[in-house]
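Below: one structure, written as structure tokens.
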Amino acid sequence: MLDTTSLKQYLMQCERDGKGIDLEFIALIDDIAGACREIHLGVNHGAILGVLGSAGSENVQGETQKKLDVLSNDYFIKHCQWGGQLAGMASEEEDDVYEIPAKYPRGKYLMYFDPLDGSSNIDVNITVGSIFSIVKAPEGVTDPKLPDYLIKGTEQVCGGFCLYGPSTMMVITIGDGVHGFTLHPGTGEFLLTNPNMKIPEDTKEFAVNMSNHRFWEEPVQRYVDECLKGTSGTREKDFNMRWVASMVAEVYRILTRGGIFMYPKDNKDPNKPGKLRLMYEANPMSYIVEQAGGLSTTGRERILEVQPDDIHQRVPVILGSKNEVQRVIDYHK
Ligand code: P6P
């Protein structure tokens, strides 16, 4: 086995080096890792455990819930509600903010999470993931209500995701770079296999759901059309395309070899300014991408600067290799 650092050893070293985290935070990450290990087992055993397929219910997003969506949400709550680190949590699968039961102590952090992102892929055995974001609760707030959760992405203490792919990996930032940890299926430890992940500033690979092309705004149509023209157009280089329909898989690929990921604003549903949710998808992923040297924007605004007005609000997302994202930003001006 690789003689590598575990997730807990990495975090303990950060605490000793005064990188702004405390033992309470480390205990919370340990609980999140426990939830992810349990989700890993559900995903990894596929149909064997009878956890695939639809739960026969809808979430607040109006999306049909898969059994594993509901189970993953339960695992996050079960592992994270009792330890005394959280003042409260908000989940994609919960209509309202989740109040920590009175029998448990409350702590100083708020957590936002998407317990199983990309779950439409689960029944077709394609990579899915969990995404989480942690902030400090407003000073002195131990019984947080919705307004207390509406905190900008720039205030995040931590952004992370767990990727249930050919291997299961935890990718995390506490503001000291981005580090990838691979789950050892035998010992259950997350081992540091990808320290200091950096996104190349340039790329030839874009990721977007092309079927929405006619609904996009002009700057995005222009950018993608130029990529498609390749060497026969103004870009003078050919591009490759990917679309996994699982944000965690796309972001991990971009962290590994560069790329630009777009779920832009479209007028398919004028009531939706985008598909992805700010608090538990766009914000944690944007923190990670920026810490890895990339950019993340709505096209008009840095995502981390967006002032939330609801825990389930949606935003357009354009993130990845710095020079490509900057080009899209320039096209919006
Ligand atoms: P579409 C998964 O449902 C998700 O939230 C992201 O992980 C993914 O990038 C996107 O939606 C896929 O959306 O419209 O292509 O199915």
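Key figures for this structure:
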{"quantity": "Hey, ILE131 farther than 16 Å from PHE25 by Cα, open to solvent by less than 10 Å² (accessible area, probe 1.4 Å) and within 16 Å of the ligand (Cβ to nearest atom) or not", "calculated": "yes"}
{"quantity": "Cβ-Cβ under 6 Å pairs, at least 6 apart or on other chains, region 222-245 side more than 17 Å from VAL325 (Cβ to Cβ), far side among the hydroxyl-bearing types (Ser, Thr, Tyr)", "calculated": "ASP238/THR231"}
{"quantity": "Listing of strands (runs of 3 or more DSSP E) fully contained in region 173-238 that carry 1 or more residues being within 16 Å of the ligand (Cβ to nearest atom) and surrounded by 15 or more Cβ atoms within 10 Å (Cβ to Cβ)", "calculated": "205-207"}
{"quantity": "Residue in region 239-251 that is most open to solvent (accessible area, probe 1.4 Å), counting only those that are hydrophobic (A, V, I, L, M, F, W, C) and part of a loop (DSSP other than H, G, I, E, B)", "calculated": "TRP243"}
{"quantity": "Any hit, region 21-31, residues being aliphatic (A, V, I, L, M), loosely packed, with under 15 Cβ neighbours inside 10 Å and assigned by TED's automatic domain parsing to the domain that holds ASP117", "calculated": "yes"}
{"quantity": "Test set (1) more than 22 Å from GLN85 (Cβ to Cβ); (2) surrounded by fewer than 21 Cβ atoms within 10 Å (Cβ to Cβ); (3) of a type outside the set (Gly, Ala, Ser) - MET169 fails condition number", "calculated": "(2)"}
{"quantity": "Strands (runs of 3 or more DSSP E) within region 1-115 that include 1 or more residues farther than 23 Å from GLY180 by Cα and touching a Cys at 6+ places or on another chain (Cβ under 8 Å)", "calculated": "86-91"}
{"quantity": "Filter result for the condition that a residue is among the aromatic types (Phe, Trp, Tyr), in contact (Cβ under 8 Å) with a residue 40 or more places away in the chain and within 28 Å of VAL97 (Cβ to Cβ), over TYR252, TYR331, TYR287", "calculated": "TYR287"}
{"quantity": "Search result, residues across region 253-264 that are assigned to a loop (DSSP other than H, G, I, E, B) and touching a helix residue (DSSP H, G or I) at 6+ places or on another chain (Cβ under 8 Å)", "calculated": "GLY259, PRO264"}
{"quantity": "Test: PRO316 is open to solvent by 10 Å² or more (accessible area, probe 1.4 Å) and touching a Lys or Arg at 6+ places or on another chain (Cβ under 7 Å)", "calculated": "yes"}
{"quantity": "Within region 147-166, considering residues that are open to solvent by 20 Å² or more (accessible area, probe 1.4 Å) and part of a helix (DSSP H, G or I), the one farthest from HIS40 (Cα to Cα)", "calculated": "PRO147"}
{"quantity": "Top-ranked residue in region 251-275 [being farther than 18 Å from GLY62 by Cα and more than 19 Å from the chain's Cα centre (by Cα); ranked as farthest from the ligand (Cβ to nearest atom)]", "calculated": "ASN267"}
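To keep it simple, each residue is scored yes or no on (1) open to solvent by 50 Å² or more (accessible area, probe 1.4 Å); (2) of a type outside the set (Gly, Ala, Ser).
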| position | (1), (2) |
| --- | --- |
| GLN81 | no, yes |
| LEU86 | no, yes |
| ALA102 | yes, no |
| SER119 | no, no |
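The values are calculated or read from the model by the stated rules, or taken from the named source; none is laboratory data. These figures come from a predicted structure and were not determined experimentally. Cβ coordinates were reconstructed from backbone atoms using ideal geometry, including for glycine residues, and neighbour counts include every protein chain displayed. SASA here: full protein model, heavy atoms, side chains in, ligands and nucleic acids out. Shrake-Rupley method; radii C 1.70, N 1.55, O 1.52, S 1.80 Å.
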